[in-house]
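Report on the structure given below.
The values are calculated or read from the model by the stated rules, or taken from the named source; none is laboratory data. Since this is a predicted model, take the numbers as computed values, not measurements. Positions of Cβ are generated from backbone atoms using ideal geometry, with glycine treated the same way; all protein chains shown enter the neighbour counts.
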Amino acid sequence: MAAAKRVLPAPPELQSRWASVLEETERRPEVLALTDRFPEERSLTVSFADLDRVDTSLADVLLERPEEVLDAGQRAMRELLPAVGPDSDGLRLRITGLPPTAHRSIREIRESDLNRFVALDGIVRRVTEVRPQIRDAVFQCVACRTEFHEPQDEASMVFREPLECPESQGGCGKPQGRTRFRLLPEKSSFVDAQRIEIQENPETLRHGAHPQGLAVMLTEDLTGQVLPGNRVVLNGVLKSFQRAGASRGGVVRNTTFDLLILGNSVEWKQEEYDEIEITPEEERLFLGFRGDPTVVDKIVMSLAPTIRGMEEEKEAIALQLFGGIEKKHPDGVRVRGDIHVLLVGDPGTAKSQLLRYVADVAPRGIYTSGKGATAAGLTAAAVKDDFAGGRWVLEAGMLVLADGGLAVIDELDKMSPEDRSATHETLEQQTTSVAKAGITATLNARCPVLAAANPKWGRFTSDRTISEQIDLPPTLLSRFDVIFSIRDVPNQDRDRRLAAGILASHRQGESRATLPKESSGASEAPFPPEVLKKYIAYAKRTVRPVLSDAALAALSDYYVKVRSQGEEPNAPVPITARQLEALVRLSEAAAKARLSPEVGVEDAQRAIQIMQNFLRRVAMTEGGKLDVDLVQSGVSHSQRERLDIVMRVMRELQDRPEGAFSVEEYLEAADRAGVPRNRAEALLQTLRNQGEVIESRPDRMQLVRF
């Protein structure tokens with residue numbers, strides 16, 4: 001038997017009930033204050049919980065018939081004013097905090113939701129400019145000179161023109177074919193309007209699912225507030241409109257309708273990761289790890305347990321997931337707390353597998369491959385499409401959408417240099433500046449970046465330093481806090497352990513496919529992926545550790561000790577203040593992973609160990625000394641000295657009467673000056689590639705800038 005249809009109250013009754021709600025919640029002073037601040041402020045915000053507490057049935061009717069109920073509420077607001085003036089019609093009622101029954105996922109919206117009050121949780125993808133939208137068009141009949149009004153539909157992009165001169169407004173009644181109508185813009189009424197597109201949160205998508213979006217119309221004081229990349233809860237009325245297209249036979253109308261949300265209020269996410277629900281039982285479980293000195297090791301073991309080895313890399317990535325503490329100084333300087341990690345390794349070392357696992361386990365993790373990423377796809381783009389009626393629209397890229405999460409970029413070396421350069425600002429300033437098609441904006445991209453790349457020649461070789469084989473510009477490398485080189489060097493004992501681990505994982509996979517899950521014998525990680533994701537979100541949401549005196553002393557002693565190696569004559573600079581800031585971030589992340597309110601000595605020692613592993617792999621010279629210039633400038637101290645010697649040798653050879661020199665003459669002179677023959681050949685090739693040395697005639701070299 002069908003359910004009985006709800007009997008809805010009449011509009012006068014709705015207005016009186018709203019008046020009772022406003023009086024009982026003591027909103028009269030707020031309404032009176034709005035008239036003083038109009039038009040800068042014109043909206044009264046009412047929580048759905050307050051409405052439901054005072055009048056439950058009115059709250060239920062609001063969800064079913066929102067336009068009529070909101071209109072009654074606005075009339076009730078005007079009744080509270082001592083005198084009704086022209087400004088009173090502009091007062092608006094905004095409802096926030098809709099119940100869970102009104103929340104919808106974009107892909108779950110159906111026809112039963114049409115014309116209802118719904119709440120959408122998502123991320124802003126595109127934003128148009130704020131432009132005036134006509135609400136009440138005033139026309140003049142050419143035949144009788146009568147002026148009349150033609151209200152417009154705010155949900156439609158189509159301008160409605162009159163079909164006749166209405167007699168009800170004093171017109172002559174002539175139809176459109178017998179007279180013409182002239183629009184009077186100066187007498188028509190307009191409102192500020194802006195269209196945005198809200199998209200599903202990337203972390204909620206299934207693998208392979210395309211994120212769905214929905215257009216939203218914001219008007220009046222809601223405009224100009226949101227930017228691409230903002231995570232919001234948007235409350236509004238779901239409407240549908242018919243799209244029409246032109247053809248030879250005239251206008252063709254579609255049988256399927258497009259959806260549009262008429263925005264009523266926008267709620268910004270205030271609490272970090274508040275879209276991840278953590279139950280009281282899970283919170284008690286997490287609090288049990290507070291003070292556990294082995295919790296970081298357990299997290300490292302839980303990161304892609306099928307991938308054997310790579311403990312040092314996993315430890316750095318584990319701390320990256322928790323991140324340090326962002327600082328804002330009184331002079332406006334902002335110091336990022338996010339940790340950037342780069343993995344450069346030989347093929348077959350499971351870099352991509354590890355990156356995909358981390359993107360899945362990280363709250364708000366987004367994965368992309370540099371092979372198909374463009375500058376616009378990573379940062380932001382100005383696009384021109386039908387969404388804004390053919391105007392330019394600002395569209396957020398991957399790093400902007402990852403704001404507050406983790407951006408994972410595989411195959412970073414496969415990107416074009418122009419596209420790769422777009423990430424420089426994002427890595428250090430954590431913003432994305434856009435100046436395209438007349439649109440100038442700065443968007444937030446506050447996310448750590450985990451990237452992977454291959455060596456310059458496909459595989460690391462032993463005849464060159466590691467830094468020479470990383471095919472990325474030094475300006476980009478210097479922005480990563482930790483860089484790991486992963487070399488695939490045959491070693492019988494290590495290979496045997498690796499083979500045993502890989503084959504055991506294959507056997508477990510086969511047993512899972514053929515046997516019941518409980519009898520497969522698989523060893524579970526200390527933190528399953530879903531639990532680890534919630535633990536990370538809980539730690540980032542609730543813990544803000546402070547550096548202790550002991551941790552500060554440990555970091556300071558290490559920094560000064562390593563820097564002292566550069567005090568020797570002609571010694572390279574081992575580390576800089578940039579590495580010290582990275583040590584602070586890693587220490588804070590280690591404390592956050594332990595749910596500790598204070599950064600202890602053990603956290604500082606863990607950060608120092610990670611930094612030593614990084615420097616030993618990437619910034620170690622042939623003489624066994626640390627040289628941070630290998631990472632930050634691409635040229636070591638010794639290479640710079642050799643280059644100076646080689647340039648001096650070439651100038652001396654070019655000073656001779658013949659004005660040029662042969663390769664053999666150059667190599668012999670360089671050898672006498674103390675530069676080995678193989679290094680002299682490499683430097684000559686580098687200078688030729690840079691255009692500093694040319695072959696002026698067969699077998700004769702010449703410096704371009706003598």
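Annotations
- Of all residues in the stretch 313-336, those satisfying the criterion of being surrounded by fewer than 18 Cβ atoms within 10 Å (Cβ to Cβ) and either under 21 Å from ALA607 (Cα atoms) or among the hydrophobic types (A, V, I, L, M, F, W, C) (or both) are GLU326, LYS327, VAL333, VAL335.
- Exactly one residue out of SER662, SER696 is among the polar types (S, T, N, Q), outside the structural domain of PRO572 (by TED's automatic domain parsing) and at pLDDT below 80, and it is SER696.
- Restricting the search to helices (runs of 4 or more DSSP H) fully inside the stretch 398-441 and requiring at least 2 residues that are within 15 Å of the chain's Cα centre (by Cα) and touching a residue at least 60 places away in the same chain (Cβ under 8 Å) gives 398-401, 423-428.
- Lone qualifier among ALA119, ALA49, ALA59 - being touching a Leu at 6+ places or on another chain (Cβ under 6 Å), at pLDDT 85 or above and outside the structural domain of HIS210 (by TED's automatic domain parsing): ALA59
- Failed item in (1) in contact with a strand residue (DSSP E or B) (Cβ under 7 Å, 6 or more places away or on another chain); (2) modelled with pLDDT under 85, with LEU259 passing the rest: (2)
- Close pairs (7 angstrom Cβ cut-off, 6 or more residues apart or separate chains): farther than 16 Å from GLN320 by Cβ and touching a residue at least 12 places away in the same chain (Cβ under 8 Å) in the stretch 291-302, among the aliphatic types (A, V, I, L, M) and not in a helix (DSSP H, G or I) anywhere: MET301/ALA525
- Considering residues of the stretch 71-96 that are among the small types (Gly, Ala, Ser) and surrounded by fewer than 18 Cβ atoms within 10 Å (Cβ to Cβ) only, the residue modelled with the lowest pLDDT: GLY85
Residue by residue, here is whether (1) closer than 29 Å to ARG642 by Cα; (2) modelled with pLDDT of 90 or more; (3) surrounded by 23 or more Cβ atoms within 10 Å (Cβ to Cβ) holds:
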{"position": "TYR535", "(1), (2), (3)": "no, no, yes"}
{"position": "ARG541", "(1), (2), (3)": "no, no, no"}
{"position": "SER556", "(1), (2), (3)": "no, yes, no"}
{"position": "LYS561", "(1), (2), (3)": "yes, no, no"}
{"position": "GLY566", "(1), (2), (3)": "yes, no, no"}
{"position": "ALA571", "(1), (2), (3)": "yes, no, no"}
{"position": "LEU586", "(1), (2), (3)": "no, yes, yes"}
{"position": "ILE608", "(1), (2), (3)": "no, yes, no"}
{"position": "GLU622", "(1), (2), (3)": "yes, no, no"}
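Here is a yes/no grid of residues against (1) farther than 23 Å from GLY224 by Cα; (2) small (Gly, Ala, Ser); (3) buried (at least 19 other Cβ atoms within 10 Å of the Cβ):
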| position | (1), (2), (3) |
| --- | --- |
| ARG116 | yes, no, no |
| GLY122 | no, yes, yes |
| CYS141 | yes, no, yes |
| ILE196 | no, no, yes |
